[in-house]
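The structure appears right after this line, and notes come after that.
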Amino acid sequence: PHSPRGVRARLLSPACLAVVAGAALQLQSAELFAVPIYGVLLLCARTLLVTMAIKNIAFKTQLVVAVTAFALSGFGSTGLRATIFLNQALDPALQGRDIAVTGLIAAMPQRSEAGLRLRLEVESAQLDGQPVQLPPQIYLGWYSGFSYAGELVEGVQRAPAALHAGERWRMTVRLKSPHGGSNPHGFDFELWLWEQGLQATGYVRAGPKDTA
């Protein structure tokens, strides 16, 4: 009979392929399921893996169980992550509004002739003095001039000389949902934002450093 270690080694490749297949199947779905459904799928996957600990199960049966469990795991975890991510998206009612945000600069700002690009980890946000919910991280431009996406922007404060990762700032920003062109063989900006966990883009209208 095969040793437990040898059986696990033989199951490794099919299990990895099953995870990839499950994730790929989820990515082909036209819409996402509710969070509890993905939770049930992950629970089923865990239950199936526990049954593999039972002795005297034929290798073919273990193979079927492992492939099914890891496929469910890939499908469920991918769908769960996407659903949670989608639930953190920018509320359409907040687009184009002046929102007061306090947050940490999450990475080294990128400077260009136009100004700065920075990632802000949102700690709190208010609209007209009332708390609002924003995505955990947003991608902002703080411009040297007064144009944004080719349009004239009024009331924009010029970017300060230096910003550093880890600093906390209070800013007035205008945001919009991620959007970008996707040309064949070209850079997919919207996909890049999704991969980076950035669920809103926009620009800074004003912002003093928060020294507290």
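Just so you know, all these numbers are worked out from the coordinates, no wet-lab data involved. Note that the structure is predicted; figures quoted are calculated from it, not measured. With ideal geometry, Cβ positions are generated from the backbone for all residues, glycine too; neighbour counts draw on all protein chains shown.
What the table shows:
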read-out	value
Highest-first arrangement of 119-132, 65-78, 84-97, where packing means the average Cβ count within 10 Å	65-78, 119-132, 84-97
Derived scalar couplings ³J(HN,Hα) [the stretch 91-105; Karplus, 6.51 cos²θ - 1.76 cosθ + 1.60; whole Hz; x for Gly, Pro]	5, x, 5, 8, 5, x, 9, 7, 10, 7, 10, 10, x, 9, 6
P(r) of the stretch 68-152 over all Cα-Cα pairs, binned every 10 Å from zero, in whole percent	14, 32, 31, 14, 7, 1
Ranked packing of 46-53, 30-37, most packed first, by mean Cβ within 10 Å	46-53, 30-37
Interchain or long-range residues, amide H under 5 Å from Ala200's placed H	Tyr139
Cut-off 15 Å (backbone N to label point 7 Å along Cα→Cβ of Val20), residues of the stretch 57-86	71, 74-75
Whole-Hz ³J(HN,Hα) from phi, Karplus 6.51 cos²θ - 1.76 cosθ + 1.60, for the stretch 26-36, glycine and proline x	5, 5, 8, 5, 6, 8, 8, 8, 6, 3, x
P(r) of the stretch 19-112 over all Cα-Cα pairs, binned every 5 Å from zero, in whole percent	2, 12, 15, 15, 12, 10, 10, 9, 6, 4, 3, 2, 1, 0
